[in-house]
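Remarks on the structure that follows.
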Amino acid sequence: MSKVLDLAVALMAIDTCNPPGNEKQAADFIAAMLDTAGFTVQRQEFAPGRTNLIALKRSSRMAPVLAFTGHLDTVPLGTAEWGRPPFGGKISGGKLYGRGSSDMKAGVAAFVIAAIDMAALDRDTALVITAGEERGCEGALAMARDGIALPEVAGWIVAEPTANKVALGHKGALFSYLHFSGKSAHSSRPDLGVNAIYKACAAALALRDMQFEMSHPVLGAPTVNVGLIEGGHAPNAVPDRAKLHVDVRTIPGMDHSAILQQLETIGGDGVRLERVHDIAPVWTPGDASLIKACRSASEAEGYMTSGELGASFFTDASVLAKLAPAPVAILGPGEPGQAHVTDEWCTVANIEAAERIYCRLIETHGQANS
């Protein structure tokens, strides 16, 4: 097999399902490869077994770096039976099967091998490999919290699954709980109590009808969804507590603080709002030099991006592009429709092409800085 397939298979053999994650073994494996290739490697272990990597290769010019990023954790396997071993990295019919093949260990393998292959050139390159992305950018947020310093970045390449086509950004994600309180009483005397579930249900229906007066030409309109509701403590008692989990997907230009105020207003008097995740939307104009370079590299390998594309998922770029502000492009070998599914796969052709695309980008970045 090729070097990039070897690495992808090796990474998939390491169970990094999140929770609990346990990304350290995979991070150490990559770190050893990058250290041998002459990269300066920094580890951040923000929790036991949870490791972020920052690897840096400097040129004689010490210019802003081209930064590649991806995460090592995957979602759990789910309850459905897998037809192929989820950690076996089996190749069949031109596809690499296993948890993380598309989302997104193949993408990480592609940019790691590309960076190593190009290490002999005089280029400024950074790799930021995170833990915990699947549960709200845990690793990237830990970098922000602990003040991890990043070099000046010229552009971010996020290797999330796009089938090697160029996406310009993604929606944000604002997750919160609305907590409702009531007064307990015997269920035969509801007049003596205050039913917290009724309050939650009224708010849920109001959220169903919540309208936003803005839209994005590619990402579309913002959305809101109530995904969880729970409350009460006994079937024969008036519930004195209830809560809703609210998922709002936002577009560029929206004020998350204002949305939280709207949620509190909908919740009514006495509601308590608990913010869970606050992930900003990301968007880069299609005429940005980074996007043009990505399209050129992708098209050279036969992947044509028709029009402007956006991703349906959020990425670590929401956090990392604040730590080191720069344009963002999402470009990875995985199939978007294979993320999180049973018997997940990624085509071998996409993986090997992604490595070549990333090599082109590293080389072009160096020429632009010369």
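The values are calculated or read from the model by the stated rules, or taken from the named source; none is laboratory data. Predicted model only: the values in this text are computed from it and were never measured. Quick reminder, even Gly has a Cβ in these numbers, built from the backbone with ideal geometry, and neighbours come from all protein chains shown. Accessible surface areas use protein heavy atoms only, side chains included; no ligands, DNA or RNA. Shrake-Rupley method; radii C 1.70, N 1.55, O 1.52, S 1.80 Å.
For A163, the conditions (1) small (G, A, S); (2) under 20 Å from A321 (Cβ atoms); (3) assigned to a loop (DSSP other than H, G, I, E, B) all hold with the exception of (2).
The criterion of at least 1 residues that are closer than 18 Å to T130 by Cβ is met, among strands (runs of 3 or more DSSP E) falling completely within the stretch 306-370, by 309-311, 328-330. Taking the stretch 1-32 as the range and being part of a loop (DSSP other than H, G, I, E, B) and in contact (Cβ under 8 Å) with a residue 60 or more places away in the chain as the test, the residues that pass are M1, S2, A13, I14, D15, T16, N18, P19, G21, E23.
Applying a threshold of 7 Å to beta carbon distances and a minimum spacing of six or more residues, or different chains, the list of pairs starting in the stretch 40-67 at a residue that is at pLDDT below 95 and of a type in the set (S, T, N, Q) and ending at one that is buried (at least 22 other Cβ atoms within 10 Å of the Cβ) and part of a strand (DSSP E or B) is empty. Q367 satisfies every condition listed in (1) open to solvent by 60 Å² or more (accessible area, probe 1.4 Å); (2) touching a strand residue (DSSP E or B) at 6+ places or on another chain (Cβ under 7 Å) except (2). On inspection, G21 passes the criterion of being on the phi > 0 side of the Ramachandran plot and open to solvent by less than 20 Å² (accessible area, probe 1.4 Å). Looking at L205, L219, L174, just one residue is at pLDDT 95 or above and touching a helix residue (DSSP H, G or I) at 6+ places or on another chain (Cβ under 8 Å), and that residue is L174. Counting the residues of the stretch 135-173 that are farther than 20 Å from T125 by Cβ and in contact with an Asp or Glu (Cβ under 6 Å, 6 or more places away or on another chain) gives 4.
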